[in-house]
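K.L.:
One structure coming up, written as structure tokens, with questions to follow.
The values are calculated or read from the model by the stated rules, or taken from the named source; none is laboratory data. Computed from a predicted model, the values in this text were never measured in an experiment. Note: ideal-geometry Cβ built from the backbone for every residue, glycine included; neighbour counts use all protein chains shown.
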Amino acid sequence: MVNSIDAVSDRDFVLEFLAANSIAAVHLSRIGEEWVLWASEEFGFLTPSDKVSTGSSIMPQKKNPDPMELVRGKSARVVGDLMTVLILCKGLPQAYNRDLQVGLILISISMPILVHILKLFFSFEQEDKEPLFDSVKAILGMLEVCTEFAQNISFNSKRIQRSLPAGYLDATTLADYLVKKVNSCCPRVQGCWMDCYMAVIYNGLVWFLLD
């Protein structure tokens with residue numbers, strides 16, 4: 001960055017990284033939602049193994065896909081980290097500001113206030129770094145859980161096949177087929193139309209000359 005005054009308070013690189021993490025978290029959350037639905041009794045498309053599922057206190061026979069529910073919930077934290085830094089940066093003027101470096105205030109204040117601020121902030125983490133590290137920790141955990149879950153599930157292919165006729169999915173296939181047929185006929189239709197058009201012009205010119 002050419003402008004060093006602007007560079008001091010600029011956190012675009014943090015925002016871009018957090019945005020990428022948030023997008024990844026949203027995708028993982030959508031996969032988690034899909035698998036939670038597929039594991040339900042209503043769908044029954046997949047069955048998680050005992051390694052990645054939990055029972056119920058009153059229904060021990062159940063296999064709840066709790067890891068994916070936790071992934072779905074953790075995505076909110078990753079998105080929240082992005083929002084935290086966005087809101088932190090939205091009011092920053094140029095150059096140096098304490099907003100991004102709260103921990104440094106503790107060096108020059110008295111002990112009673114120091115204790116109060118320690119209770120308030122719980123750590124010396126800087127305001128832009130804490131969400132960054134939290135986002136990284138969360139997204140790595142989500143990826144690890146999703147990988148482990150994907151390796152320990154079995155799909156009920158017969159039940160999936162039985163559900164395919166519902167909704168008349170073949171109607172879309174038929175529509176695509178007809179569209180392709182129409183597209184292949186377009187050049188022929190256009191050629192016939194051009195022949196007729198030229199014939200009309202030719203006949204009109206002949207009648208004009210005869211008159």
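K.L.:
For Leu70, are the conditions met, namely being surrounded by fewer than 16 Cβ atoms within 10 Å (Cβ to Cβ) and under 25 Å from the mean Cα position of the chain (by Cα)? Lay out the reasoning, then the answer.
P.N.:
Values: surrounded by fewer than 16 Cβ atoms within 10 Å (Cβ to Cβ): yes; under 25 Å from the mean Cα position of the chain (by Cα): yes.
In short, yes.
K.L.:
Okay, moving on. Quick check on Gly55: is it surrounded by 12 or more Cβ atoms within 10 Å (Cβ to Cβ) and at positive phi? Lay out the reasoning, then the answer.
P.N.:
Numbers: surrounded by 12 or more Cβ atoms within 10 Å (Cβ to Cβ): yes; at positive phi: no.
No; evaluated as a whole, the condition is false for this residue.
K.L.:
Then there's this: Answer yes or no as to whether Ser22 is within 14 Å of Phe149 (Cα to Cα), assigned by TED's automatic domain parsing to the domain that holds Asn64 and modelled with pLDDT of 95 or more.
P.N.:
Working: within 14 Å of Phe149 (Cα to Cα): no; assigned by TED's automatic domain parsing to the domain that holds Asn64: yes; modelled with pLDDT of 95 or more: yes.
Against the criterion (within 14 Å of Phe149 (Cα to Cα), assigned by TED's automatic domain parsing to the domain that holds Asn64 and modelled with pLDDT of 95 or more), Ser22 does not qualify.
K.L.:
Let me ask something else about it. Count, please, the residues in the range 40-58 that happen to be assigned to a loop (DSSP other than H, G, I, E, B), hydrophobic (A, V, I, L, M, F, W, C) and within 19 Å of Val71 (Cβ to Cβ).
P.N.:
Taking the range 40-58 first, the residues assigned to a loop (DSSP other than H, G, I, E, B) are 40-45, 49, 53, 55-58.
Subset that is hydrophobic (A, V, I, L, M, F, W, C): 43, 45, 58.
If we keep only those that are within 19 Å of Val71 (Cβ to Cβ) as well, we get 43, 45.
So the count comes out to 2.
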